[in-house]
Amino acid sequence: MLTKPISLMFMKLKLILTIFLLFFLKVGVSQILNIDRENGQDTISRKFSASVGLDFASDKQQSDFVELSSSTEFDFFLKNNNLLILFGQVDMAFNGENVIENNGYFMARFRDKDTRRIYPDIFTQYQWNGVLGMQSRALGGVNARVKLFEREDIDGYSSVGLFYEDEIWNTELGSYAFDTLNGNKRVDRKLFRLNTHAKLAFEISEKIDFAMSHYLQFPMNESFSNIDKPRWFMDSDIFFEVSKNISFNIHYDHTIDYYRALPIDLYYYNLNVGIQVTI
């Protein structure tokens, strides 16, 4: 009978596909705080655009492993050359009954569509990361965004601003062994941060684009005693155009935080490979 060999073949194919998805679509752990996320289509003249991505992986060995990742972005090109960006991303992974990844964020931004040299950039964001112990992080602020240069194949931007951050950390959510909080399971932290940002984007070839952003966010508590302990976030993308509405994307970002609410790792990174569909 050929039933058993065929069944084994499908099981092997499923295992290979799962390994491929897990290794190439999501590598590493990230604590993302990108309050100035760049729209890849800053200069187009549409009234509306949207992009959607969804990753799924499943495996059955000694326990069930399931991974889900989804992201959605809506860009509204308004009157007077204004742009409204709404973005959301959720990443979850389960190994049996154990949650090994549970993070995401929702963000809204309102700014000019890069028609002026200097203009305000207003933003708000809500974020969580259960594995790290971050129950919630809510923030809002404004940047002064400066268009340094803009050419046909390269452009650069810089910004400086201020935002208010309200965090709740819970040691019962995290996967770390916290033993330095004197029995306290919850940490509430509220503070202002000075935000600085620089972006460079250029065209590698007719169908390949590259963009990189750097963020330095300095804590500004009452005594300014920790202003020398910034959070550094770096974000980079390479886009390979497959068709007018489909692109292949390689994304890398890392976070280095010198002023952490809990004794978690200093450095986190995230590497994703996927496909983006734009409407």
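The values are calculated or read from the model by the stated rules, or taken from the named source; none is laboratory data. Not measured: the values here are computed from a predicted model. A quick note on method: Cβ atoms are made from the backbone with ideal geometry, for glycine too, and the neighbour counts reach across all protein chains shown.
Miscellaneous remarks
- Test: Val131 is in a loop (DSSP other than H, G, I, E, B) and either modelled with pLDDT under 90 or on the phi > 0 side of the Ramachandran plot (or both): yes
- Residue ID - farthest from Arg189 (Cα to Cα), chosen from residues in region 242-266 that are among the aromatic types (Phe, Trp, Tyr) and at pLDDT below 90: Phe248
- Taking the listed residues Val160, Val99, the one that is more than 25 Å from Arg193 (Cα to Cα), within 22 Å of the chain's Cα centre (by Cα) and part of a strand (DSSP E or B) is Val99, with no other qualifying.
- Taking every residue in region 231-247 that is basic (Lys, Arg) and pairing it with any residue that is not in a loop (DSSP other than H, G, I, E, B), at least 6 positions away or on another chain, the pairs with Cβ-Cβ distances below 6 Å are Arg231/Gln217; Arg231/Asp257.
Here's the yes/no breakdown for (1) loosely packed, with under 15 Cβ neighbours inside 10 Å; (2) within 20 Å of Trp128 (Cβ to Cβ); (3) of a type outside the set (Asp, Glu); (4) in contact with a Gly (Cβ under 8 Å, 6 or more places away or on another chain):
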| position | (1), (2), (3), (4) |
| --- | --- |
| Ser69 | no, yes, yes, yes |
| Leu78 | yes, no, yes, no |
| Phe94 | no, yes, yes, no |
| Phe106 | no, yes, yes, yes |
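- Filter result for the condition that a residue is in contact with a helix residue (DSSP H, G or I) (Cβ under 8 Å, 6 or more places away or on another chain) and surrounded by 14 or more Cβ atoms within 10 Å (Cβ to Cβ), over Val187, Val273: Val273
- Checked against (1) under 22 Å from Gln135 (Cβ atoms); (2) surrounded by fewer than 16 Cβ atoms within 10 Å (Cβ to Cβ), Tyr259 meets all criteria but (2).
- In region 192-228, the qualifying residues are those that are farther than 30 Å from Asn245 by Cα and of a type in the set (D, E, K, R), and the one that is surrounded by the fewest Cβ atoms within 10 Å (Cβ to Cβ) is Glu222.
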